[in-house]
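The values are calculated or read from the model by the stated rules, or taken from the named source; none is laboratory data. Just so we're clear, the structure is a prediction, and the values are computed from it rather than from any experiment. Positions of Cβ are backbone-derived with ideal geometry, glycine not excepted, and every protein chain shown enters the neighbour counts.
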Amino acid sequence: MLKNGIPISLSLSPALHNENNDSKKKYNKQRTFRLSLLAVLVAACISFIAKFLIYLIDVITGIAFYGSLTVTETTPMYNNLGVFVIVVPVVGGLIVGLMALYGSKAIRGHGIPEAMEQILTNESKIKPSITYLKPLSSAITIGTGGPFGAEGPIIATGGALGSTLGQLIRITPNERKILLAAGATAGMAAIFASPVAAILLAIELLLFEFSARSFIPVALACITGAAGHHFLFGNEVVFPVANPIPVASNYAVFFYSVMGIAIGLLAVGVTKVVYWLEDMFEKLPIHWAWWPAIGGIAVGVVGYFSPRTLGVGYFNITDLLSGTLALNVVVSLCVLKFISWSISLSSGTSGGTLAPLMTIGGAAGALLGSVGMYWFPDVGINIPLAVLVGMSALFAGASRAFLTSIVFALETTGQSNALLPLLATCTTSYFISFFLMENTIMTERIARRGVVTPDSYEPDILEKTNVEQLVTDNGVVINNQMSIDEVRNWFTNESDMQANYFIVSDTEGEYKGIVSSSNLFNSHHNEGNTIETIVKRNNVYIDPSETLRRAVEIMAKENVDILPVVVDKKIRGILTYQHIISVYKTGVDEREKKQAHISLSRQRLKLLVRGQKLVSILKSKK
């Protein structure tokens, strides 16, 4: 019973409960359907933007390195500029620095960390200008020799497009996050025709959840992006392997597992070097807008000695997978590509990480595979497979996008026999990265800014618990016809009353609102007035079918620590923040409790007793 004498029954109407749940589910499904249509629209647009970006990169490459205007696939590798090739990336860096200075500083970096930060701290709001500044700046960077892939810029552009659409229409921050993730991963699917890997990328690096409301729109967007790739780029796999990869023997799988340890250490080293270089740039006594030009010097010098390191370089991955590259070329791709990419990325230019990491990891895999073939010729090591697992393991270790790395390798090469070696190598690389590196190449930058990235996908205990499971009739409900003076005197005599908010109802138990203690004891009120005159928030309540998570959201939004549980305008009970904390504490305690459910000593005792009984039976039969 509540303390104002109004009889309160906690027996809830099942029909009303079911009706509320059914209407809520119907509403959520309608929202998900609408969000799915928007995600498909964003994905269709980003597919054409991806094609335009590739054309733009080829145009700038042709002009910068060959002085000709062309939209055909072009690589800087065959330029005849000689030592003047060093100037081209510097000019590109200068342009990008000016674009970042006068356009938006958000175009700097490789895209995914910036998207993660906006999701975690800014309700997934990305400036609309990024939708055109990011692809343009990236096209200039890559077209002038920047050692990046096109996937990073298009992921950032897709995320910005989804976020912009989510800011133009009336949707929640969580729905905007889903549109952002849908646009970003649709861009990845449009470049690589890898829809499943793109979905997993969204789950592992962007959404931080796995639910139907997020999975369905993102999946449809990725399917649309992959369809866009087939329509605009062709149906072939992005990284074809000349000879099909055979099934690896158990000995070979063991070798690839051990190789994953070395790749994991390389992933840790790559990440630490990149951010060490960023720290070095931060110490330079010049404005950050000049840094991309300095990074361009490193790109140009390395490109002069190793032209393969310039530009997108997707063909480098294909050549590595062929297993026919000369040893010196493989070494240059592993070492020089890393030097060029890490310095350029650290300088704050606009570029991505996926393709460079794949190239460096593939080259490292080829080198380790060659060493393995020399020392263990009978194990059955396959160089193309060593390249493939090296590519995936480096990305898995550096980003900890474990499933994305494995599925991406399978989708972009079509080599299903590589699944077990990929699983073995990526697992060991991830293992090494997990124990030796607190943050990843994707999260280190935002972690330095104080942004905490979720690292688990455990079910929310507050989401699993309904209000009706905790609702209680132990509380205070004030009659709305009582005078302010009467209520004040009553509370003065009740020494145990220390609540911040009080619920108000009429004599029939119908909910009228909430009044705060500060408002109740405000000296400006006429003490003869009724409580009803100072009630302002009469819309703050919760239905018993709602979850505790929804209750927390209402409490936070309305800045109250108590909620009336209302059914058909009648108060059915009270929910306080202590109830919610107790549920959360119970869940934490259960998760952290250490206990053995099977006692070996007891099992041994039972076996001894059964043995003795069996001996007794045998003796009696004799």
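Observations on the model:
- Any hit, region 382-402, residues being among the aromatic types (F, W, Y) and buried (at least 24 other Cβ atoms within 10 Å of the Cβ): yes
- Residue match in region 71-85 (condition: of a type in the set (G, A, S), on the phi > 0 side of the Ramachandran plot, at pLDDT 85 or above and in the same structural domain as T353 (by TED's automatic domain parsing)): yes
- Count of region 184-214 residues which are farther than 19 Å from I406 by Cβ and of a type outside the set (G, A, S): 3
- Among the residues of region 502-540, the ones that are surrounded by fewer than 20 Cβ atoms within 10 Å (Cβ to Cβ) and either assigned to a loop (DSSP other than H, G, I, E, B) or out of contact with any His (no Cβ under 9 Å at 6 or more places or on another chain) (or both) come to 25 in all.
- Residue in region 410-423 that is in a helix (DSSP H, G or I), β-branched (V, I, T), modelled with pLDDT of 95 or more and crowded, with 20+ Cβ neighbours inside 10 Å present: no
- Within region 428-438, being in a loop (DSSP other than H, G, I, E, B) and either in contact (Cβ under 8 Å) with a residue 40 or more places away in the chain or not assigned by TED's automatic domain parsing to the domain that holds I119 (or both) holds for one residue alone: M437.
- Of all residues in region 234-257 being small (G, A, S) and either in contact with a strand residue (DSSP E or B) (Cβ under 8 Å, 6 or more places away or on another chain) or part of a loop (DSSP other than H, G, I, E, B) (or both), the one that is farthest from I191 (Cα to Cα): S249
- Selection of first residues in region 166-188 that are closer than 15 Å to I46 by Cβ and at pLDDT 90 or above and of second residues that are among the polar types (S, T, N, Q) and not in a helix (DSSP H, G or I), restricted to Cβ pairs under 6 Å at least 6 apart or on distinct chains, gives the following pairs, ordered by first then second residue: L180/S124.
Residue by residue, here is whether (1) within 23 Å of the chain's Cα centre (by Cα); (2) surrounded by fewer than 24 Cβ atoms within 10 Å (Cβ to Cβ); (3) not small (G, A, S) holds:
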| site | (1), (2), (3) |
| --- | --- |
| T157 | yes, no, yes |
| E175 | yes, yes, yes |
| V218 | yes, no, yes |
| A227 | no, yes, no |
| V247 | no, yes, yes |
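Yes/no per residue for (1) more than 29 Å from A447 (Cβ to Cβ); (2) not β-branched (V, I, T):
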| position | (1), (2) |
| --- | --- |
| V40 | yes, no |
| I46 | no, no |
| V91 | yes, no |
| S124 | no, yes |
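- When region 391-418 is filtered for residues that are of a type in the set (S, T, Y) and farther than 18 Å from N316 by Cβ, the ones remaining, listed by number, are S399, T404, S405, S416.
- Filter result for the condition that a residue is modelled with pLDDT of 80 or more and not polar (S, T, N, Q), over E532, E558, E546, E592: E546
- Region 95-138, subset farther than 26 Å from I169 by Cβ and among the β-branched types (V, I, T), residue surrounded by the most Cβ atoms within 10 Å (Cβ to Cβ): V96
- So E204, is it assigned to a helix (DSSP H, G or I), surrounded by fewer than 24 Cβ atoms within 10 Å (Cβ to Cβ) and acidic (D, E): yes
- Criterion: surrounded by fewer than 24 Cβ atoms within 10 Å (Cβ to Cβ) and within 29 Å of S322 (Cβ to Cβ) - qualifying residue of I432, I446, I441, I406: I432
- When the helices (runs of 4 or more DSSP H) confined to region 80-196 are screened for residues that are of a type in the set (K, R) and in contact with a Ser or Thr (Cβ under 6 Å, 6 or more places away or on another chain), those reaching at least 1 such residues are found at 130-143, 173-192.
- The condition of being farther than 28 Å from T224 by Cβ, in a helix (DSSP H, G or I) and aromatic (F, W, Y) holds for only one of F65, F48, F52, that being F65.
- The set of residues in region 69-89 that are in contact with a Pro (Cβ under 9 Å, 6 or more places away or on another chain) and hydroxyl-bearing (S, T, Y) comprises T75, Y78.
- Qualifying residue in region 297-318 (condition: of a type in the set (S, T, Y) and within 23 Å of I381 (Cβ to Cβ)): yes
- Of residues in region 31-53 being over 24 Å from the mean Cα position of the chain (by Cα) and surrounded by fewer than 19 Cβ atoms within 10 Å (Cβ to Cβ), the one farthest from T144 (Cα to Cα): F48
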